[in-house]
1. Could you pull out every residue, at least 5 positions away or on a different chain, whose amide H is within less than 5 Å of the one on T187? Hs are placed 1.01 Å off N in the peptide plane, and Pro or chain starts have none.
2. Give me a comma-separated list of calculated 3J(HN,Hα) values for the stretch 207-222, in order, Karplus coefficients 6.51, -1.76, 1.60 applied at θ = phi - 60°, integers in Hz, x for any Gly or Pro.
3. Going by amide H atoms built from the backbone, whose H comes under 5 Å of the H on V4, apart from near neighbours?
4. Over the chain, give the accessible area per residue in Å² for a 1.4 Å probe, as an integer.
5. So for the chain: antiparallel DSSP bridges make up what percent, rounded to the nearest 5?
6. Give a residue-ordered list of calculated ³J(HN,Hα) values for the stretch 58-65 (Karplus: 6.51 cos²θ - 1.76 cosθ + 1.60, θ = phi - 60°; whole Hz; x for Gly, Pro).
7. Would you compute, for the Cα atoms of the stretch 1-147, the largest minus smallest coordinate along each principal axis and list the three values in descending order, in whole Å?
8. Grab the other residues whose beta carbon is less than 15 angstrom from that of P230, score K and R as +1, D and E as -1, and report the net.
Amino acid sequence: MDAVVVRQVSKSFGGGRRALSRVDLTIREGAIHGLLGPNGAGKTTLIATMVGLTAPDEGRVEVCGLDVGSHLHRVQMLVNMVRGFSGVLEKVTARELLVYYAHLYDAPLSRVEEVLCRTGLWERRDQQVALFSSGWRQRFFIAKGLINRPRVLFLDEPTVGLDVDAALAVRDLVREINREGCTILLTTHYMREAEDLCSTIALIAEGRIVAEGSAAELKDLVRDPGQPEPTLEDVFLRLTRQSLEVADA
Ligand SMILES: Nc1ncnc2c1ncn2[C@@H]1O[C@H](COP(=O)(O)OP(=O)(O)OP(=O)(O)O)[C@@H](O)[C@H]1O
């Protein structure tokens, strides 16, 4: 089954420039699907249409077989989202915040303990999240993202600004969450991270999907005979620049 189906989705914010232009995207259930693109390409806007934060001007989005526009509340109960660089309230502990989020989703309080353990935060449950280091803070946001047992988790740059160890820990956590059955859409500017984690990758530039497939399939698109094996970074630069040139022409 498909976890997310996006069909012909367009979105403009005014000023004439389209943030998304007739985007088609399918995420298979159980996948870790990467969404890669330059700054301003439309990744966050596309996620916003999938979680029901932004209504597309045209097209439709289905999540777990439900149309997001007409089943907004049900969809929002089935998904969750984690963003890099999120702020937190001061003077509130990890446990207190998670209890609050559990109430929002009507989740049992036992779920708070589960996600604290799942993300390695149990020992820090009574500490203020605002005082956590970036790595622990990001684990907290993942705990928050898991509170409603989402079927699809949207991770928007989950390792941005983290040191090597903290980023590794978050990536391990992402793999474990996925193994437990959660479909994941991941945006990242780190090509190694995308290659390590994602079974399929979509490249977006100027609001359009310019290529999709496994990392190996994407490399095939730019492989030149007699040249060294392309990296995912080569693929990214070649295909997104091509798209920019077409858009500017
Ligand atoms: N609320 C908004 N109002 C006006 N323009 C917006 C809004 N949100 C996004 N945009 C514009 O839409 C385009 C796509 O932005 P978006 O944030 O989706 O890109 P992105 O790929 O997530 O970028 P980044 O990698 O920098 O986070 C950009 O031109 C951005 O300026």
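The values are calculated or read from the model by the stated rules, or taken from the named source; none is laboratory data. None of these values were measured; they are calculated from a predicted model. Backbone-built Cβ (ideal geometry, glycine too); neighbour counts: all protein chains shown. SASA here: full protein model, heavy atoms, side chains in, ligands and nucleic acids out. Shrake-Rupley method; radii C 1.70, N 1.55, O 1.52, S 1.80 Å.
1. For T187, the qualifying residues are L35, L155, D156, E157.
2. Rounded to whole hertz, the list is x, 10, 6, 9, 6, 8, x, 6, 4, 5, 5, 5, 5, 4, 5, 10.
3. I27, C64
4. Working: 12330 Å² over 249 residues.
With the other protein chains kept in place, the chain gives 50 Å² per residue.
5. Numbers: 20 of 38 bridges.
Once the DSSP bridges in the chain are tallied, antiparallel ones form about 55 percent.
6. Once θ is set to phi - 60°, the couplings for the stretch 58-65 become 9, x, 9, 10, 10, 10, 6, x Hz.
7. 47, 31, 24
8. Numbers: positive: R192, K219, R223, R238, R241; negative: E195, E217, D220, D224, E229, E233, D234.
Computed value for this residue: -2.
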